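Asker: Could you have a look at this structure, given as structure tokens, before my questions?
The values are calculated or read from the model by the stated rules, or taken from the named source; none is laboratory data. No experiment lies behind these values; they were computed from the predicted model shown. Here Cβ is always computed from backbone atoms with ideal geometry, including for glycine, and neighbour counts include all displayed protein chains.
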Amino acid sequence: MRVSRSVVGICGGLLVILGLAGCASTSNPRTRYLEQIEPDTVANLLAYRSGNTLEISYPLHGRHLLAHATWPQVPAGDHAYRHQLAVLTFEKQARATRRSVTRKGNRVPIRDAQQWQQLIGQIMRQIVPNAPNHGTLLLLQNQEVVVYRDQTGKLQSVRLENKPRQVAVGRTFNDTDFSRQAVARLEGQLSALDENQSQFLFVTGQDPAFVLIDLRQRLVVYLSYPLDPELNAETVPGWFALRA
């Protein structure tokens, strides 16, 4: 289920990522690219990170076309689990700035939407009770959403005010909890992925379009495309919209 950009602003990163807002948006040509990213194009993407700057590069006709984003620095020595929101921009950069980021040693592994959904599924199975009519309350800025299992064991989600009377809520879960769970899950999979890696960039197939997870900094960064205020739709150059 896709979630409207208005929900992004209201609910924050976690609700959008889980796709549990309960209100789908209408697809249009400007946003349809978010619905699915083909595996063969993901293989052609390159990502680089230096500090609080991320570059996403797509090789096209011998050129490297770039999108980049920055977010607030994590204070040195701060080991708290945290999340950040960042917007990808397509503005031209100074060559020296770009080269300082897009070095081979700064490469970040890219994981596809299927791997992202697997991670989300693992987290949801962990935080939602197995018993029918028992659930977890997601606390997301001004929104409160209950995720629970119905009588068939299927996950359902409703806003707290619409929670069925028979559903009992046993715990709460917020963005910081998500960061903690995501980092723990990836740390447990390092032997299967790459034990030398400490960060991963996920293509979500949703909005935010990318999620960066840094295991050492215990950081999750949600990366969205820029918003066109007149059309209320993401503004993305055609080359990137079709291929990223």
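Asker: Taking the residues in the range 173-192 that are farther than 21 Å from Val147 by Cα and among the polar types (S, T, N, Q) as candidates, determine which candidate is modelled with the lowest pLDDT.
Answerer: Among residues in the range 173-192 that are farther than 21 Å from Val147 by Cα and among the polar types (S, T, N, Q), the one modelled with the lowest pLDDT is Ser191.
Asker: Hey, another quick one. Taking the range 94-128 as the search range and keeping residues that are among the charged types (D, E, K, R) and part of a strand (DSSP E or B), which one is nearest to the chain's Cα centre (by Cα)?
Answerer: Keep residues of the range 94-128 that are among the charged types (D, E, K, R), which gives 95, 98-99, 103-104, 107, 111-112, 125.
Now drop any that are not part of a strand (DSSP E or B), which leaves 107, 111.
On the way: Arg107: 19, Arg111: 11 Å.
Selected residue: Arg111.
Asker: While we're here: What's the total number of residues in the range 102-111 that are touching a residue at least 24 places away in the same chain (Cβ under 8 Å) and either surrounded by fewer than 18 Cβ atoms within 10 Å (Cβ to Cβ) or out of contact with any strand residue (DSSP E or B) (no Cβ under 7 Å at 6 or more places or on another chain) (or both)?
Answerer: 4
Asker: Can I ask one more? In the range 193-217, which residues are assigned to a loop (DSSP other than H, G, I, E, B) and either surrounded by fewer than 21 Cβ atoms within 10 Å (Cβ to Cβ) or modelled with pLDDT of 90 or more (or both)? Full working, then the answer.
Answerer: Filtering the range 193-217 for residues assigned to a loop (DSSP other than H, G, I, E, B) gives 193-198, 204-209, 215-217.
Of everything in the range 193-217, those that are assigned to a loop (DSSP other than H, G, I, E, B) and either surrounded by fewer than 21 Cβ atoms within 10 Å (Cβ to Cβ) or modelled with pLDDT of 90 or more (or both) turn out to be Leu193, Asp194, Glu195, Asn196, Gln197, Ser198, Gly205, Leu215, Arg216, Gln217.
Asker: Has the range 150-161 got any residue that is within 26 Å of Asp78 (Cβ to Cβ), touching a helix residue (DSSP H, G or I) at 6+ places or on another chain (Cβ under 8 Å) and in contact (Cβ under 8 Å) with a residue 24 or more places away in the chain?
Answerer: There is no residue in the range 150-161 that is within 26 Å of Asp78 (Cβ to Cβ), touching a helix residue (DSSP H, G or I) at 6+ places or on another chain (Cβ under 8 Å) and in contact (Cβ under 8 Å) with a residue 24 or more places away in the chain.
Asker: What number goes with the only condition from (1) on the phi < 0 side of the Ramachandran plot; (2) modelled with pLDDT of 85 or more; (3) loosely packed, with under 15 Cβ neighbours inside 10 Å; (4) small (Gly, Ala, Ser) that Gly153 does not pass?
Answerer: Single failed check for Gly153: (1).
Asker: Let me ask another. Of everything in the range 195-223, what is among the acidic types (Asp, Glu) and either closer than 14 Å to Gln118 by Cα or touching a Phe, Trp or Tyr at 6+ places or on another chain (Cβ under 9 Å) (or both)? Give them in sequence order.
Answerer: Hits for the range 195-223 are Asp207, Asp214.
Asker: Of all residues being outside any helix (DSSP H, G or I), farther than 16 Å from Ala69 by Cβ and not aliphatic (A, V, I, L, M) in the range 218-244, which is modelled with the lowest pLDDT? Just the residue, please. It would help to see each step written out before you state the result.
Answerer: Applying the first criterion (outside any helix (DSSP H, G or I)) to the range 218-244 yields 218-237, 244.
Filter again for farther than 16 Å from Ala69 by Cβ, leaving 218, 228-233.
From what is left, the residues that are not aliphatic (A, V, I, L, M) are 218, 228-230, 232.
Working: Arg218: 94, Asp228: 63, Pro229: 54, Glu230: 55, Asn232: 51.
Top of the filtered list is Asn232.
Asker: Is at least one residue of the range 134-141 touching a residue at least 24 places away in the same chain (Cβ under 8 Å), β-branched (Val, Ile, Thr) and under 25 Å from Arg218 (Cα atoms)? Don't jump to the end; show me each part of the working.
Answerer: Our first condition is that a residue be touching a residue at least 24 places away in the same chain (Cβ under 8 Å); within the range 134-141, this holds for 134-141.
After this cut, where a residue has to be β-branched (Val, Ile, Thr) as well, the list is 136.
Retained after the next criterion (residues that are under 25 Å from Arg218 (Cα atoms)): 136.
Scanning the range 134-141, I find at least one residue that is touching a residue at least 24 places away in the same chain (Cβ under 8 Å), β-branched (Val, Ile, Thr) and under 25 Å from Arg218 (Cα atoms), so the answer is yes.
Asker: Give me a count of the residues in the range 129-145 that are in contact with a Pro (Cβ under 9 Å, 6 or more places away or on another chain) and either of a type in the set (Val, Ile, Thr) or part of a helix (DSSP H, G or I) (or both). Lay out the reasoning, then the answer.
Answerer: The initial filter retains those residues of the range 129-145 that are in contact with a Pro (Cβ under 9 Å, 6 or more places away or on another chain), namely 133, 135-136.
Among the residues that remain, those that are also either of a type in the set (Val, Ile, Thr) or part of a helix (DSSP H, G or I) (or both) are: 136.
Count: 1.
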